[in-house]
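Each remark here refers to the structure printed beneath this line.
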Amino acid sequence: VVALDAQTGAIRWRVPLPTEPTSLAVAGDRLFLSGADGALYSFRQTGDPKPAWRYRMLGAIGQPVMSERHVYFTLIDNTVRALDRKGGSQRWSRQLPTRPATGPILLGDALVVPLTNGRVSYLSTANGAVGPAAEPSEAASRLRLQAVAPSADGLTVFTIAAAGDDTRTLTAWRKRTGVPGL
């Protein structure tokens, strides 16, 4: 990992990685990455460039997302894990109904996890409580996810899913309101 000064292009620091990175995200004073070795890493952006913490896991899917206190990862064991941003300790872990297609998406105080079957799971950022899933039509239940994007206002996630006959469905998943824990 190489940190460059945005104004001058000068190298601020450089640190060799123990593994090939599979994702990278930056928030506040931290840089987070998942590695091909199945570990999750946090680096400080200032001071000592060695890993601030390392959490041994399974491989991650997609990019992590950060809140003020936590960093959230989706993993190949069909779980979502919340780790403390500063120390790396696990705060909670929740099982998903099927394989996540991407990393989690932060929508206010909820996480939305797009799934490979074209559906999404809603989880509370505070404790991982799983919210009620929206039920797609029977035709939509046989879809496979192709693309995901959150809206600029942070209230909606759009998915594009394809059926076996190559028809495509665009779905807007709104942030849940009035659901305890979400």
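The values are calculated or read from the model by the stated rules, or taken from the named source; none is laboratory data. In this text, all values refer to a predicted model and were calculated from it rather than measured experimentally. All Cβ positions, glycine included, derive from the backbone under ideal geometry; neighbour counts span all protein chains shown. Note: accessible area is taken over every heavy atom of the protein model, side chains too, but ligands, DNA and RNA are not part of it. Shrake-Rupley method; radii C 1.70, N 1.55, O 1.52, S 1.80 Å.
Taking amide H as placed 1.01 Å from N in the peptide plane, Ala52 has its amide H under 5 Å from the amide H of Ser42, Phe43, Arg44, each at least 5 places away in sequence or on another chain. With viscosity 1.002 mPa s and temperature 20 °C, the Kirkwood radius over alpha carbon pairs of the stretch 1-96 converts through Stokes-Einstein to a diffusion coefficient of 157 µm²/s.
Short to long, the 5 Å bins of the Cα pair-distance histogram for the stretch 84-135 hold 5, 20, 28, 26, 14, 5, 2, 0 percent of all pairs. Surface composition of the chain: carbon plus sulfur atoms contribute 52% of the solvent-accessible area (1.4 Å probe, protein chains only, all chains present).
Only Cα pairs under 8 Å and 6+ residues apart enter the sum, and on that basis the relative contact order of the chain stands at 11 percent.
In the elastic network of the chain, a GNM with C-alpha springs shorter than 10 Å, the most mobile of Pro49, Pro104, Pro18 is Pro18.
Taking trypsin sites (Lys or Arg not before Pro) across the stretch 20-93, the ones in a DSSP loop with at most 16 further Cβ atoms lying within 10 angstrom of their Cβ are Arg69, Lys86. Net charge dipole, the chain: roughly 380 debye, given to the nearest 20, about the Cα centre with Cβ charges of +1 for Lys and Arg and -1 for Asp and Glu. Solvent exposure of the chain amounts to 50 Å² per residue of accessible area, where only protein heavy atoms count and the probe is 1.4 Å. Taking Cα extents along the principal axes in Å as calculated from this structure, the corresponding entry among [x] 72, 32, 29; [y] 52, 41, 34; [z] 53, 37, 31 is [z].
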